[in-house]
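A short worksheet on the structure shown next.
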Amino acid sequence: MSVFPIPEFLGGYWQNAFHLKQHLADFAELDYDAIDIKLAAGQKNLAEIGRRDFDWEKATDFYREKVGEAYLFELGAWHLSSQDYIGQTLLLIAAQAQGRVLDFGGGIGTHTIGAALSPQVEKVIYCDINPVSLKFVKQRVSLLGLEEKVVCCDELPSSESFDTIICFDVVEHLPDPSQQLLEFHKKLSPEGKIILNWYFFKGFNQEFPFHHDDPQIVERFFRTLQRNFLEVFSPYFITARCYKKWTDAE
């Protein structure tokens with residue numbers, strides 16, 4: 001149970017993790033024993049695919065065509081083994097997200113679900129280029145009865161704007177993380193906020209061969225972040241942060 005106050009609409013997460021394991025079993029048409037085997041091997045299998053197939057010049061193709069269901073089980077294992085941490089990211093969303101929300105690179109959809117449950121949120125746009133993740137999240141959203149509040153897509157119309165953008169465990173995978181921050185800045189409403197984290201690290205044993213760790217790319221990312229966004233304090237014990245849109249000329 002969380003040490004922080006939990007809004008009533010998020011209470012179910014600490015009991016059932018929004019039914020993630022059951023959703024994985026239903027989607028993969030496997031029993032729990034088989035799901036446990038896939039979850040246990042999730043990070044190793046994805047790392048092997050990354051070492052074999054990942055190329056920064058073809059990063060989009062890698063996530064769209066190569067990772068397949070491996071990402072479901074890598075992310076599923078991380079979420080299920082880190083339930084309190086993920087829960088705190090949901091509390092951060094509950095405290096800060098409002099209006100039209102974009103979940104960019106939304107993965108297995110837990111943050112989309114958390115945002116959609118918030119009464120302050122009007123609509124959530126889940127966006128992920130992995131077709132397996134997209135299909136899985138559509139099924140999760142349907143099972144939870146959230147179809148009217150969630151739209152799932154694999155790319156965004158250029159004219160879309162948002163009051164809140166969520167982006168967890170994504171920017172370190174992008175060819176140009178700084179440019180993505182600037183795109184977020186353009187897509188945010190004048191009082192908009194982003195909620196995001198990053199992990200510019202390939203792991204002590206190269207567990208994450210598809211993460212950026214180049215010092216110049218990382219420094220440019222932080223300089224871009226500091227010029228365009230101002231941090232909003234939150235009390236949660238997590239690496240995720242909330243920022244409001246601004247420029248350093250203000």
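Structure above, values below:
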{"quantity": "Index of the failed condition, VAL218 passing every other in (1) closer than 25 Å to PHE4 by Cα; (2) in contact (Cβ under 8 Å) with a residue 12 or more places away in the chain", "calculated": "(1)"}
{"quantity": "Test: residue in the stretch 65-80 that is open to solvent by less than 80 Å² (accessible area, probe 1.4 Å), modelled with pLDDT under 95, on the phi > 0 side of the Ramachandran plot and not in a helix (DSSP H, G or I)", "calculated": "yes"}
{"quantity": "Of residues in the stretch 149-159 being part of a strand (DSSP E or B) and open to solvent by less than 60 Å² (accessible area, probe 1.4 Å), the one nearest to LEU90 (Cα to Cα)", "calculated": "VAL150"}
{"quantity": "Subset of the stretch 160-191 that is acidic (Asp, Glu) and part of a strand (DSSP E or B) - its residue that is surrounded by the most Cβ atoms within 10 Å (Cβ to Cβ)", "calculated": "ASP163"}
{"quantity": "Residues (assigned to a loop (DSSP other than H, G, I, E, B) and surrounded by 14 or more Cβ atoms within 10 Å (Cβ to Cβ)) located in the stretch 8-27", "calculated": "GLY12"}
{"quantity": "In the stretch 102-138, the residues that are over 20 Å from GLU8 (Cα atoms), assigned to a strand (DSSP E or B) and of a type in the set (A, V, I, L, M, F, W, C)", "calculated": "LEU102, PHE104, ILE125, CYS127"}
{"quantity": "Residue list for the stretch 89-101, filter: in a helix (DSSP H, G or I), open to solvent by less than 10 Å² (accessible area, probe 1.4 Å) and in contact with a Phe, Trp or Tyr (Cβ under 8 Å, 6 or more places away or on another chain)", "calculated": "THR89, LEU90, LEU91, LEU92"}
{"quantity": "Any hit, the stretch 192-209, residues being farther than 20 Å from ASP61 by Cα, open to solvent by less than 30 Å² (accessible area, probe 1.4 Å) and in a loop (DSSP other than H, G, I, E, B)", "calculated": "yes"}
{"quantity": "Search result, residues across the stretch 210-230 that are open to solvent by less than 50 Å² (accessible area, probe 1.4 Å) and not in a helix (DSSP H, G or I)", "calculated": "PHE210, HIS211, HIS212, PHE229"}
{"quantity": "Answer residue from the stretch 136-148, given it is without any contact (Cβ under 8 Å) to a residue 40 or more places away in the chain and within 17 Å of the chain's Cα centre (by Cα) and is surrounded by the fewest Cβ atoms within 10 Å (Cβ to Cβ) among those", "calculated": "LYS138"}
{"quantity": "Hits in the stretch 18-52 - residues which are within 30 Å of VAL3 (Cβ to Cβ) and modelled with pLDDT of 95 or more", "calculated": "HIS19, LEU20, LYS21, GLN22, HIS23, LEU24, TYR32, ILE35, ASP36, LEU39, ALA40"}
{"quantity": "Filter result for ALA47 (more than 19 Å from PHE27 (Cβ to Cβ), in a helix (DSSP H, G or I), over 15 Å from the mean Cα position of the chain (by Cα) and of a type in the set (A, V, I, L, M, F, W, C))", "calculated": "yes"}
{"quantity": "Criterion violated by GLN83 - all others in (1) under 22 Å from LYS202 (Cα atoms); (2) surrounded by fewer than 20 Cβ atoms within 10 Å (Cβ to Cβ) satisfied", "calculated": "(1)"}
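Quick grid of which residues meet (1) in contact (Cβ under 8 Å) with a residue 60 or more places away in the chain; (2) out of contact with any Leu (no Cβ under 9 Å at 6 or more places or on another chain):
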position	(1), (2)
CYS152	no, no
CYS167	yes, no
GLN179	no, yes
GLY192	no, yes
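The values are calculated or read from the model by the stated rules, or taken from the named source; none is laboratory data. The structure presented is a predicted model; accordingly, all values stated were derived computationally and were not measured. Please note: Cβ atoms are built from the backbone with ideal geometry, for glycine as well, and neighbour counts cover all protein chains shown. Side chains are part of the model used for accessible areas, which takes the heavy atoms of the whole protein and leaves out ligands, DNA and RNA. Shrake-Rupley method; radii C 1.70, N 1.55, O 1.52, S 1.80 Å.
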